[in-house]
1. Of these, ALA55, ALA50, which one is under 12 Å from GLU19 (Cβ atoms), modelled with pLDDT under 90 and crowded, with 19+ Cβ neighbours inside 10 Å?
2. ARG124 fails exactly one of the following numbered conditions: (1) modelled with pLDDT of 80 or more; (2) touching a Leu at 6+ places or on another chain (Cβ under 6 Å). What is the number of that condition?
3. Please indicate, with yes or no, whether at least one residue in the stretch 78-101 is open to solvent by 10 Å² or more (accessible area, probe 1.4 Å), at pLDDT 85 or above, farther than 22 Å from ALA158 by Cα and assigned to a helix (DSSP H, G or I).
4. Just to verify a result, which residue in the stretch 303-318, among those that are open to solvent by 10 Å² or more (accessible area, probe 1.4 Å), in a helix (DSSP H, G or I) and not basic (Lys, Arg), is farthest from ILE111 (Cα to Cα)?
5. Going by the conditions given, is ASP266 part of a helix (DSSP H, G or I) and either in contact with an Asp or Glu (Cβ under 7 Å, 6 or more places away or on another chain) or more than 20 Å from ILE211 (Cβ to Cβ) (or both)?
6. Failed condition for LYS125, given (1) assigned to a loop (DSSP other than H, G, I, E, B); (2) crowded, with 24+ Cβ neighbours inside 10 Å, with all others met?
7. Being open to solvent by 30 Å² or more (accessible area, probe 1.4 Å), at pLDDT 85 or above and either under 30 Å from GLY302 (Cβ atoms) or touching a Cys at 6+ places or on another chain (Cβ under 6 Å) (or both): is that true of LEU150 here?
8. For the stretch 26-42, indicate whether the set of residues that are out of contact with any Cys (no Cβ under 8 Å at 6 or more places or on another chain), closer than 30 Å to LYS125 by Cβ and outside any helix (DSSP H, G or I) is non-empty.
Amino acid sequence: MPVGLLALALGGFGIGLTEFVIMGLLPEVAADFAVSEAAAGWFISGYALAVVVGALGLTAALSRFDRKPVLAALLVLFIAGNLLSATAPEYWPMMAGRILAALAHGAFFGIGAVVAADMVAPTRKAAAIALMFTGLTAANVLGVPFGTLLGQAAGWRATFWAITGIGVIALAGILLLVPKTSGAPAEASGLRGELQAFRSGQVWLSILVTILGYGGMFGAFTYIAYTLTEVSGFAASTVPWLLIVFGVGLFVGNTVGGRAADRNVDRTLVVVLAVLSVVLVAFALTAGNQVLTVVSLVLMGGFGFATVPGLQMRVMKYASTAPALASGANIGAFNVGNALGAWLGGVTISAGLGYTSPIWAGAGITILGLGVMAFAAAAAKRGSAKGAGDSAGEVRDAGVVASEADDGGPHQ
C-alpha cells in the first residue's frame, strides 16, 4: 500500500480521537465549566450535527479544487478547532472549537476516501479506504482509553493539546507523503457536476443502508456501559477495558470487510448485515452472561465496522463521475445513523424496556438496513443483466445489418 495512506490514517486517528475521547472526559469538562451533564452532552451532539454539515457543505464547496491542498486545509481547520478547545476559557468557545473540528471531520473522510481509492489499483480500492479508516478504529482501541487516562491525570485540556499535536504531524504527512491529486473529474464541472451523482437511485439506496446498518450497531453501542454494568454485572472499572475489546473487533472487521468488499461489495454487505442482525439478537438474549457478552462485543464491533469500507466504496461506485460529494454525504449518513440509533435506544430506555432494549432496537434497525441492501443488490443485478442484454442485442443488430449489407438487402 502507498505510504501516503498512512498519513490519511493518522489524520483519521486524530479526528476519531476528537470525536470519541470527550465521552470519557465529560464529567471533568462539565465540572470545569460549571454546567450540567446535559449541557456538556452538547459537546457530543453538537459535534455530530456539525459533521453532517461539513460532510455536505464543505465537500460541496471544495469539490472543484485539488484534493491534496483541500485535505491539508481541512487539517488546519481541525488543528484550530482542537487548539481552541484546549484553551477555551468557558463553555461557548469550547463549543466553537468542537464545531470547527467537526466541520473538518466529514469533509476529510469524504474527500480522503476518494484520494485513498485513487492511490491504488481498482482491485484494492476498498482495502485502501479500510486502511484510512483504520485510524478511526485505532482511535477507539488505543486513543480513547489513553486519552481519557491522560485527561484524568493531567487535566482534560492536556488531551486536546495532544490531539492538536497529532493534527500537526498528520498535516506534515499529508504534505509530504500524499501524491499530487486533481479535483473532480473532467465529466463533472464543479458543484453542478457533483450534484449529478444524486440522480442515481443506487446512491440514495447506499446512503439509506449506511444510516440503517451503521445506526443499528451504534444504537446498541451508545448505552453499552449501562448494559455491561446493570445487566451483565460487570464492575464500572472494567468498562474501559471491555471497550478496548470492542475496539479490537472494529479493527479486525474494518480490515476484513475491506478485503471482502474488493471481491464483491454487494454480497459482502448483505452477508455482513445479516450476520450483524443475528449477533445483535443473540447479544440481547444473552447479555446476562458475562462470557457471552464479551464474545458479543467483539462480534458486534467486527461485523458492525466491516460494513464501513463497502458502504463507502459502494456510494463512490455509483457516483463514479463525481464521487467526492456523494462520499461526503455518506460520511454524514454515518452520523445520521449514530443519531438515529442513539435516539431510538434512549426512547426504549425511557419507556421502561430495560438496558437490553437499545440492542433490540439496534437489531430492528439493522434488519431494515439488510432489507434495503438486499433490494439495492437485486436492483443493481437486474440493471447489469439488462445492460448486458442490451449490449448483446446491439451486437446482434450490428451482425444483421452487416449480413444484409453483404447480401444486398434485407432477409425475408
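1. Just a single option satisfies the conditions, and that option is ALA50.
2. (2)
3. The answer is no, given that none of the residues of the stretch 78-101 is open to solvent by 10 Å² or more (accessible area, probe 1.4 Å), at pLDDT 85 or above, farther than 22 Å from ALA158 by Cα and assigned to a helix (DSSP H, G or I).
4. PHE303
5. No, not satisfied.
6. If we test LYS125 against (1) assigned to a loop (DSSP other than H, G, I, E, B); (2) crowded, with 24+ Cβ neighbours inside 10 Å, just (1) comes out false.
7. yes
8. Checking the stretch 26-42: not a single residue is out of contact with any Cys (no Cβ under 8 Å at 6 or more places or on another chain), closer than 30 Å to LYS125 by Cβ and outside any helix (DSSP H, G or I).
The values are calculated or read from the model by the stated rules, or taken from the named source; none is laboratory data. Quantities reported herein were computed from a predicted structural model and do not represent experimental measurements. Cβ atoms come from the backbone with ideal geometry, glycine included; neighbour counts cover every protein chain shown. Note: accessible area is taken over every heavy atom of the protein model, side chains too, but ligands, DNA and RNA are not part of it. Shrake-Rupley method; radii C 1.70, N 1.55, O 1.52, S 1.80 Å.
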